[in-house]
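Submitted below is the structure of interest, expressed as structure tokens.
The values are calculated or read from the model by the stated rules, or taken from the named source; none is laboratory data. The structure presented is a predicted model; accordingly, all values stated were derived computationally and were not measured. Here Cβ is always computed from backbone atoms with ideal geometry, including for glycine, and neighbour counts include all displayed protein chains.
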Amino acid sequence: MDFELMGRLSEADGVSSQEEGIAEIMKDEFRKRGLKVEVDNFGNVLAYKSISKNPLVIAAHMDEIGLMAKHIDKKGFIRFIKIGGIDDRSLVNQQVLVKTRKGLVPGVIGSKAPHVMKPDERKGLLEYGNLFIDVGAADKKEAAALGIEIGNTVTFPTKFMRLGKKMISGKALDDRIGCYVLLELARQLPKNTILVGTTQEEVSTFGKGAKIASYRLDPGAFIAVDVTIAGDHPEMKLEDAPNELSKGPSIVLTEWAGRGNIADARLVQKTMECARKNRIKFQVDVFEGGATDAASVHNMKGGVPSIALCVPTRYIHSTVGVAHIDDIENCSKLLKKLIGTI
Ligand SMILES: [Zn+2]
């Protein structure tokens, strides 16, 4: 695995609708791998060698969950809304980066001190409405001079790290792991296959960017590369989330209890056959909640055979995740073999 690249993808800024930071890396890396690159009206990054009618579209979303400034008070403290399904519990007293016109401004998320909380307050979970961002400004004017404005997006300075021999940790692994896999596929991309770094997946049940890109491309088939919840740690049961780290990428059979994509049966069979033939480990999953970009593409126009391949990842939708290198590499390997057969 190219840890330097995975680290850059993880640490890049790209809260939904503000994907420029991650999009720059994707464009640059696609070009380095000899692909033609386009950016559409919605910020999706498209890369291909040559395409004709009904291409195979392989997509990974570039955007990440984060926050957005909603109100700045007289003392320069910022109240915020959540962008995407970020877990409130992971926000308390975190360091943050506020994206402004003047660049990234560091700050911290502040909350009431436990010493002055009433006993029942201490038991309850702190919700984001009781939290605020402190950028160290003396007042509103000083915050404005730093570049702080309503509408600024906020992300986290979580450092990318290797854990143990075979694991990685970082922010936005959902779905920078998918972005990494696209860049692996870019090295030997067959004709009439197009790789798409999509925008605004996290802010809709069904990804906005993927829908827009696919409407124009009219795919013959669609594959979403994303992450799924791992159920293999002490506070999860495998009956709640059956996927485990190191057991291979997961073929998602059903998303959002059927309201998202129900994987095309022929594509599922082809993917399983391909994995078995090439001795690549895989798992299967059904999502009761949650969906991928395939949810917004499978039922457009005359219908698009769609499937999602997801890398099991711990602690997603917080400020940090953990994934296994073998699963990421097996996901790339399986897709490389599979795309020649579709
Ligand atoms: Zn995702």
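Looking only at the range 2-39, how many residues end up being part of a loop (DSSP other than H, G, I, E, B) and either under 18 Å from the mean Cα position of the chain (by Cα) or on the phi > 0 side of the Ramachandran plot (or both)?
8
Do we find that residue 323 is within 16 Å of the ligand (Cβ to nearest atom), over 21 Å from residue 231 (Cβ atoms), in contact with a strand residue (DSSP E or B) (Cβ under 9 Å, 6 or more places away or on another chain) and touching a residue at least 40 places away in the same chain (Cβ under 8 Å) in this structure?
Numbers: within 16 Å of the ligand (Cβ to nearest atom): yes; over 21 Å from residue 231 (Cβ atoms): no; in contact with a strand residue (DSSP E or B) (Cβ under 9 Å, 6 or more places away or on another chain): yes; touching a residue at least 40 places away in the same chain (Cβ under 8 Å): yes.
Answer is no for this residue.
Still on this structure, please answer the following. When you look at residue 78, is it modelled with pLDDT of 95 or more, buried (at least 17 other Cβ atoms within 10 Å of the Cβ) and under 22 Å from residue 192 (Cβ atoms), yes or no?
Criteria not met by residue 78.
If a residue has to be touching a Ser or Thr at 6+ places or on another chain (Cβ under 8 Å) and within 16 Å of the ligand (Cβ to nearest atom) to count, how many in the range 19-71 make the cut?
11
For the structure I just gave you, tell me whether residue 330 is away from the ligand (no atom under 15 Å from the Cβ) and either outside the structural domain of residue 244 (by TED's automatic domain parsing) or not in a loop (DSSP other than H, G, I, E, B) (or both). Quick ask: steps written out before the conclusion?
Values: away from the ligand (no atom under 15 Å from the Cβ): yes; either outside the structural domain of residue 244 (by TED's automatic domain parsing) or not in a loop (DSSP other than H, G, I, E, B) (or both): yes.
Yes, satisfied.
Turning to a different aspect of this structure: Can you confirm whether residue 43 is over 30 Å from residue 215 (Cα atoms), at pLDDT 95 or above, in a loop (DSSP other than H, G, I, E, B) and in contact with an Asp or Glu (Cβ under 9 Å, 6 or more places away or on another chain)?
On the way: over 30 Å from residue 215 (Cα atoms): no; at pLDDT 95 or above: yes; in a loop (DSSP other than H, G, I, E, B): yes; in contact with an Asp or Glu (Cβ under 9 Å, 6 or more places away or on another chain): yes.
Against the criterion (over 30 Å from residue 215 (Cα atoms), at pLDDT 95 or above, in a loop (DSSP other than H, G, I, E, B) and in contact with an Asp or Glu (Cβ under 9 Å, 6 or more places away or on another chain)), residue 43 does not qualify.
Further question: How do the pairs read when you match residues in the range 142-161 that are without any contact (Cβ under 8 Å) to a residue 60 or more places away in the chain with residues anywhere that are in a loop (DSSP other than H, G, I, E, B) and surrounded by 14 or more Cβ atoms within 10 Å (Cβ to Cβ), using Cβ under 7 Å and keeping only pairs 6 or more apart or on different chains?
146/135; 146/137
Could you count how many residues in the range 165-181 are touching a strand residue (DSSP E or B) at 6+ places or on another chain (Cβ under 7 Å) and within 11 Å of the ligand (Cβ to nearest atom)?
So the answer is 7.
Select from the range 203-238 the residues that are surrounded by fewer than 24 Cβ atoms within 10 Å (Cβ to Cβ) and of a type in the set (Asp, Glu) and write down the one among them that is farthest from the ligand (Cβ to nearest atom).
Result: 218.
Being over 30 Å from residue 142 (Cα atoms) and of a type in the set (Gly, Ala, Ser) narrows it down to one residue among 14, 85, 76; which is it?
Of 14, 85, 76, the one residue that is over 30 Å from residue 142 (Cα atoms) and of a type in the set (Gly, Ala, Ser) is 85.
In the range 287-314, which residue that is farther than 20 Å from residue 338 by Cβ and part of a strand (DSSP E or B) is farthest from the ligand (Cβ to nearest atom)?
Among them, the one singled out is 314.
Suppose the filter is touching a residue at least 40 places away in the same chain (Cβ under 8 Å), in the same structural domain as residue 334 (by TED's automatic domain parsing), acidic (Asp, Glu) and buried (at least 22 other Cβ atoms within 10 Å of the Cβ); does residue 11 pass it?
Numbers: touching a residue at least 40 places away in the same chain (Cβ under 8 Å): yes; in the same structural domain as residue 334 (by TED's automatic domain parsing): yes; acidic (Asp, Glu): yes; buried (at least 22 other Cβ atoms within 10 Å of the Cβ): no.
Against the criterion (touching a residue at least 40 places away in the same chain (Cβ under 8 Å), in the same structural domain as residue 334 (by TED's automatic domain parsing), acidic (Asp, Glu) and buried (at least 22 other Cβ atoms within 10 Å of the Cβ)), residue 11 does not qualify.
Sticking with this structure for a sec: Specify which of the listed residues (76, 85) is outside any strand (DSSP E or B), within 16 Å of the ligand (Cβ to nearest atom) and either not aromatic (Phe, Trp, Tyr) or not assigned by TED's automatic domain parsing to the domain that holds residue 23 (or both).
Residue meeting the stated conditions: 85.
Name, by its number, the condition in (1) surrounded by fewer than 23 Cβ atoms within 10 Å (Cβ to Cβ); (2) over 22 Å from residue 318 (Cβ atoms); (3) within 16 Å of the ligand (Cβ to nearest atom) that does not hold for residue 261.
(1)
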